[in-house]
Amino acid sequence: MLTESLLLSAFLFTIGVAGVLLRRNAIIIFMCIEIMLNAVNLAFIALSRYVGIEGQIFVFFVMVVAAAEAAVGLAIIIAIFRHYESVDIQNFNLLRW
Amino acid sequence: METFLFTLFGGLALASAFVVVTARNPVASALFLLVTLAALAALFVLLDAQFIAVLQVIVYIGAILVLFLFVIMLLNLGYAYRPDVRPLPWRLVAGGVGLALVIQLAIAVQPARSLREAAGTTGPEALVALQQAKGVVGAVAEPLFSDYLVPFELTSILLLVGIVGALLLAKRRLD
């Protein structure tokens with residue numbers, strides 16, 4: 001099941017990348033980032049069956065980082081919503097060139 | 001049976017991830033993200049990572065996804081939402097990037113075949129034996145609290161910083 005898992009992980013990651021490029025709603029972009037993180041987790045778990053338990057430990061750390069990232073990111077979205085009354089990323093283009 | 005379950009949950013994860021990207025309503029996106037995460041938890045069980053599967057349900061579905069739904073509710077995004085899918089040029093860019101990425105990743109997966117063939121001695125059986133010897137949680141916990149103790153303790157600092165940062169960013173300005 002290793003190759004199948006890695007292929008599934010590749011497809012999920014690609015769906016996440018396409019979602020980040022396609023959507024303008026900041027919350028949905030965050031969800032796509034979560035999909036990408038989960039795709040990587042799937043690859044880690046599939047490989048951990050052959051390489052060793054370390055893959056599962058790494059997934060544990062990825063989950064911790066994902067939780068912290070989601071909390072801070074959603075707080076940023078709330079702060080932006082206060083400012084612009086919208087979560088459309090077309091509104092915040094200060095750093096755009 | 002395993003192949004059937006893998007196909008079922010893998011297809012479910014892919015299909016609902018696709019709906020997350022295409023659904024217009026953010027609440028629908030969040031709920032389909034739940035289906036994706038749950039299907040991935042089932043896949044983790046199939047891949048001998050029962051502890052991670054439970055963590056996935058508790059941390060991702062129980063905490064992160066609820067946080068997403070909570071923010072959607074707080075910002076009142078569940079209805080009267082504006083369609084936010086980008087116009088055609090962006091769709092072509094997304095499709096092109098996606099296609100290139102899938103091809104590249106599919107090529108990158110090829111060495112995994114030789115890895116599986118070379119694994120032989122340390123195949124899935126070694127992991128299952130380890131889990132039977134130490135328990136499903138113990139197999140993860142023992143290295144976590146010995147070899148990876150310092151990173152583990154550092155995550156507590158990361159989470160503390162995350163809590164403080166989230167509070168600071170989301171609180172109302174009083175000035």
How much solvent-accessible surface does residue B:36 expose, in Å² to the nearest 10, with a 1.4 Å probe and all protein chains in place?
0
Sites residue B:3 and residue B:160 - FRET efficiency at Förster radius 30 Å, r taken between beta-carbons, to 0.05
0.10
Would you kindly find the accessible area of residue B:125, with a 1.4 Å probe and non-protein molecules such as ligands, DNA and RNA excluded, rounding to the nearest 10 Å²?
120
FRET efficiency for residue B:76 and residue B:100, using Cβ-Cβ distance with R0 set to 35 Å, rounded to 0.05
0.40
Let me check something: with ligands and nucleic acids excluded, how do B:16, B:146 order by accessible area (1.4 Å probe), largest to smallest?
B:146, B:16
Relative contact order as a percentage, segment B:1-90, C-alpha pairs under 8 Å and 6+ apart, gives 30
If one computes the Cα centroid of segment B:52-75 and of segment A:34-93, what distance in Å separates the two points?
11
Average projected area of the Cα convex hull of segment B:54-104, in nm²?
5.8
Return the sequence-ordered ³J(HN,Hα) values of segment B:87-98 in whole Hz as given by the Karplus equation 6.51 cos²θ - 1.76 cosθ + 1.60 applied to θ = phi - 60°, using x for Gly and Pro.
x, 3, x, 5, 5, 5, 4, 4, x, x, 4, x
Percent of accessible area on the protein assembly as shown owned by carbon and sulfur, 1.4 Å probe?
73
Shielding by partners - mean other protein chain Cβ count within 10 Å, residues of B:30-41
3
Report residue B:156's accessible area, 1.4 Å probe, all protein chains in place, as a number in Å² to the nearest 10.
60
How many Å² of accessible area per residue for chain A, probe 1.4 Å?
38
Can you give the percent of C-alpha pairs in chain B whose distance is more than 24 Å?
60
As a test of the formula, what do you get for chain A when each DSSP H run with n ≥ 4 contributes -39,500 (n - 2.57) and the sum is divided by the residue count, at 222 nm and rounded to the nearest 500 deg cm²/dmol?
-28500 deg cm²/dmol
Expected max-MSF residue from B:129, B:39, B:53 in the GNM of chain B (alpha carbon, under 10 Å) is B:129
Within 10 Å of each Cβ in B:42-51, the average number of Cβ atoms from other chains:
5
What shape does chain A take by its C-alpha gyration tensor, where a ≥ b ≥ c are the square roots of the eigenvalues and a/c under 1.5 counts as rounded, a/b above b/c as prolate, and the rest as oblate?
prolate
If N is the residue count of segment A:1-52, its Cα Rg over 2.2 N^0.38 Å rounds to 1.25
Expressed in whole Å with the largest first, what are the equivalent ellipsoid semi-axes of the protein assembly as shown derived from the C-alpha gyration tensor as the square root of 5 times each eigenvalue?
34, 23, 15
How long are the semi-axes of the equivalent ellipsoid of segment B:1-90, defined as square roots of 5 times the Cα gyration tensor eigenvalues? Whole Å, largest first.
28, 18, 8
Where A meets B: accessible area buried, both sides, 1.4 Å probe, Å²:
6900
Sequence-distant residues sharing a close amide H with residue B:48 (under 5 Å, placed H)
none
Per-residue HN-Hα couplings for segment B:149-159 [Karplus 6.51, -1.76, 1.60; θ = phi - 60°; Hz; x = Gly/Pro]:
5, 5, x, 4, 5, 5, 4, 5, 5, 4, 5
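The values are calculated or read from the model by the stated rules, or taken from the named source; none is laboratory data. Everything quoted here is computed from the prediction, not taken from an experiment. All Cβ positions, even for glycine, are placed from backbone atoms using ideal geometry, and neighbour counts span all protein chains on display. Side chains are part of the model used for accessible areas, which takes the heavy atoms of the whole protein and leaves out ligands, DNA and RNA. Shrake-Rupley method; radii C 1.70, N 1.55, O 1.52, S 1.80 Å.
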